[in-house]
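Below: one structure, written as structure tokens.
Just so you know, all these numbers are worked out from the coordinates, no wet-lab data involved. Values in this document were obtained by computation on a predicted structure and should not be read as measured data. Note that each Cβ is placed from the backbone with ideal geometry, even for glycine, and that neighbours are counted across all protein chains shown.
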Amino acid sequence: MEFSSKLLENAVYEMSQLPGIGKRTALRLVLHLLRQPEEQTGHLTQALNKLRGEINFCKNCHNISDTTLCEICANPNRESAIVCVVEDVRDVMAIENTSQYRGQYHVLGGKISPLDGIGPQDLNIASLIEKVKQGEVSEVIFALSSTMEGDTTNFYIYRQLEDLPVKTSTIARGIAVGDELEYADEVTLGRSILNRIPFENSLKS
């Protein structure tokens, strides 16, 4: 792709680094920004700079937050003893949209994937185990995507918890095998949360 401007080329390159954005789409987006009032582009730049500079991760669940404790963990009406384990903030948003879950979350920040060089030590697993050991949790719900990496991560955490006094369950398989949680429709995902099953039962299927 030939560019008439080095500035344009650089902007397109940086935009194309975003997931799912190829160079042609990046070019369309950059040209769109150029056609907008400079003030609007400034608002976007400011929002991104503030995001990078001021964002926090909840000290309790590792969810993205504006403060040290996210709104979900700070809400006294949530069931703090029930913890739903998810991969990232997109899964928190997907489950919250169902309005079927009133517990708290634990965001791992990814899934175990040896091929990608991601091991248990790279995820927020130790803090979950510690929470359970301290007696703060009565049930851990595994809500990772039903992929090989998701199942591996579920099983690893289950093995760390199996000798501790905590109930472990997994969302019902209304979610098709191989599907990412964030793409499930709200009704199916909501029913999967409500109809969760003991995790050890899922090992027999």
- Item | For E130, net neighbour charge (Lys/Arg +1, Asp/Glu -1) across residues whose Cβ lies under 14 Å away | +2
- Message: Can you pull out the GluC sites (Glu not before Pro) in segment 95-170 whose DSSP state is coil and whose Cβ has at most 12 other Cβ atoms within 10 Å?
- Response: E162
- Query: Running Debye on the chain with equal point scatterers at the Cα sites and no solvent, what base-10 log of I(q)/I(0) appears at q = 0.13, 0.16 Å⁻¹?
  - Reply: -0.81, -1.06
- Message: For segment 92-145, take every pair of Cα atoms, bin their distances at 10 Å starting from 0, and report each bin as a whole percent.
- Response: 19, 46, 30, 5
- Query: Using the Kirkwood radius built from alpha carbon pairs, what does the Stokes-Einstein equation give as D for segment 6-54 at 25 °C and 0.890 mPa s, in µm² per second?
  - Reply: 213
- Message: Given the DSSP H assignment, sum -39500 (n - 2.57) over each helix run of at least 4 residues in the chain and divide by its residue total; what's the result at 222 nm in deg cm²/dmol, nearest 500?
- Response: -12500 deg cm²/dmol
- Message: Could you order the peptides 32-40, 112-120, 82-90, 68-76 from most to least packed, using the average number of other C-beta atoms within 10 Å per residue?
- Response: 82-90, 68-76, 112-120, 32-40
- In the neighborhood of L144, defined by Cβ-to-Cβ distances under 9 Å, what is the net charge if each Lys or Arg adds +1 and each Asp or Glu adds -1? -3
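Take the Cα atoms of segment 44-157, build their convex hull, and give its volume per residue in Å³.
Value for segment 44-157: 131 Å³ per residue.
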- Cβ-Cβ cut-off under 12 Å around Q104, Lys and Arg +1, Asp and Glu -1: the net charge is -2
- Message: For segment 48-97, compute the orientation-averaged projected area of the C-alpha convex hull (one quarter of its surface), in nm².
- Response: 3.9
